[in-house]
Amino acid sequence: MKFNRIIFFFTMLVFSISIPSIAKDIKNTGETNKAKIRQAYDAINAGDWDKFATLLSDDFVDHNPNHGQKPGAKGEIESLSQFRAAFPDLKFNIQHIVAEGDMAAVHFKLTGTNKGEFMGKPATGKAFSIEGYDLLRIVRGKAVERWGLSDDAAMMMQLGPDAGK
């Protein structure tokens, strides 16, 4: 009986020490991932593809790629750099980030002015402003997966009837 009490008290001691530690680790992972996400969007906004590349896993998977986008980190960077070439003032404004464990959700406002060729069409000179969402899985400080959704139809309407046709 005495042995069972000792085991019980030891178990309770271990749980009382480890649960706050686990909760702290989860919180720290979420906060660390939020910081990495901010760095990634800042790099995109600046067109700093070298910095952006350090935040993507080599085997990065975009589950909602742009039409014709190549796979992996290189495909993601190429796609975003082409988009930025068409919209040199492209800006992701983060509205919200929620992160827990290795997953993070980002709500953003995306703006830009079409000053370069876009989808084979000349620049319209028109600006757009839309909202979008990304869900990212981050492992060891690098994005390994992305699921995204943005209001592309609203963007095309704002750019005009000849944009991207």
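Selection of segment 96-118 for residues being over 16 Å from Ala154 (Cβ atoms) and in contact (Cβ under 8 Å) with a residue 12 or more places away in the chain yields Ile97, Ala99, Glu100, Gly101, Asp102, Met103, Ala104, Ala105, Val106, Lys115, Gly116, Glu117.
From the list Lys91, Lys74, Lys115, the one residue that fits, being of a type outside the set (Ser, Thr, Tyr), at pLDDT 95 or above and in contact with a Pro (Cβ under 6 Å, 6 or more places away or on another chain), is Lys115.
The values are calculated or read from the model by the stated rules, or taken from the named source; none is laboratory data. It should be emphasised that the depicted structure is a prediction, and the values quoted were computed from it without experimental measurement. Here the Cβ is made from the backbone with ideal geometry for all residues, glycine too, and neighbour counts use every protein chain on show.
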